[in-house]
1. Consider Gly72 carefully, then state whether it is on the phi > 0 side of the Ramachandran plot, touching a residue at least 40 places away in the same chain (Cβ under 8 Å) and out of contact with any His (no Cβ under 9 Å at 6 or more places or on another chain).
2. Suppose the filter is in contact with a Lys or Arg (Cβ under 8 Å, 6 or more places away or on another chain) and either surrounded by fewer than 17 Cβ atoms within 10 Å (Cβ to Cβ) or in a loop (DSSP other than H, G, I, E, B) (or both); does Ala102 pass it?
3. For region 88-131, which positions are touching a helix residue (DSSP H, G or I) at 6+ places or on another chain (Cβ under 6 Å) and among the small types (Gly, Ala, Ser)?
4. Is at least one residue of region 23-32 at pLDDT below 95 and among the hydrophobic types (A, V, I, L, M, F, W, C)?
5. Could you check region 102-120 and list, in sequence order, the residues that are closer than 16 Å to Arg59 by Cβ and in contact with a Ser or Thr (Cβ under 8 Å, 6 or more places away or on another chain)?
6. Which residues, counting only those in region 97-124, are on the phi > 0 side of the Ramachandran plot and either touching a strand residue (DSSP E or B) at 6+ places or on another chain (Cβ under 9 Å) or touching a residue at least 40 places away in the same chain (Cβ under 8 Å) (or both)?
7. So which residues in region 43-69 are surrounded by fewer than 19 Cβ atoms within 10 Å (Cβ to Cβ), in contact (Cβ under 8 Å) with a residue 24 or more places away in the chain and more than 22 Å from Leu24 (Cα to Cα)?
Amino acid sequence: MISCTRSLAEVGITMRHKVAGRKLGRTSSHRRAMYRNLVTDLLGYEKIITTEAKAKEVRGLAEKMITLGKEGGLHSRRQALAFIIDEKVVEKVFTELASKYAERPGGYTRITKLGPRLGDGAAMVQFELVK
């Protein structure tokens, strides 16, 4: 019987304690661009279909953009313009969505599970803004 004297850390296997966020198999720049696109589409169309992991990552970013719209100042608008790709969507956030959610203290999005994707079995969800 042969015993292994090397630890898991020496082999390169470590536990991910206190590591927030998902990498989603992309580089950091690709991931940020994907998040910006998803947030822009969600706020523009108010409903999108994506994977569960992507929706959970983007949820906080989308809610932050709506909160910026509710604040309504010039600095908030510039912060939103720096993240949201389409200026028309920023205008929508600061007019329609800000007034729609004026009395709501957060929780602007809903994730509804749809089942696995046919090609690879990824968990798909409908990601939408609440009414």
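The values are calculated or read from the model by the stated rules, or taken from the named source; none is laboratory data. Predicted model only: the values in this text are computed from it and were never measured. Neighbour counts run over all protein chains shown; Cβ positions are idealised from the backbone, glycine included.
1. Criteria not met by Gly72.
2. So Ala102 passes the test.
3. Matches in region 88-131: Ala98, Ala123.
4. Looking for residues that are at pLDDT below 95 and among the hydrophobic types (A, V, I, L, M, F, W, C), one finds at least one in region 23-32, hence yes.
5. Of everything in region 102-120, just one residue is closer than 16 Å to Arg59 by Cβ and in contact with a Ser or Thr (Cβ under 8 Å, 6 or more places away or on another chain), namely Gly106.
6. Gly106, Gly107, Gly115
7. Within region 43-69, Gly44, Glu46, Thr67 meet the criteria.
Yes or no, residue by residue, for (1) among the aliphatic types (A, V, I, L, M); (2) under 23 Å from Lys131 (Cα atoms); (3) in contact with a Lys or Arg (Cβ under 8 Å, 6 or more places away or on another chain); (4) not in a strand (DSSP E or B):
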residue	(1), (2), (3), (4)
Asn37	no, yes, no, yes
Thr40	no, yes, no, yes
Ile85	yes, no, yes, yes
Lys88	no, yes, no, yes
Asp120	no, no, no, yes
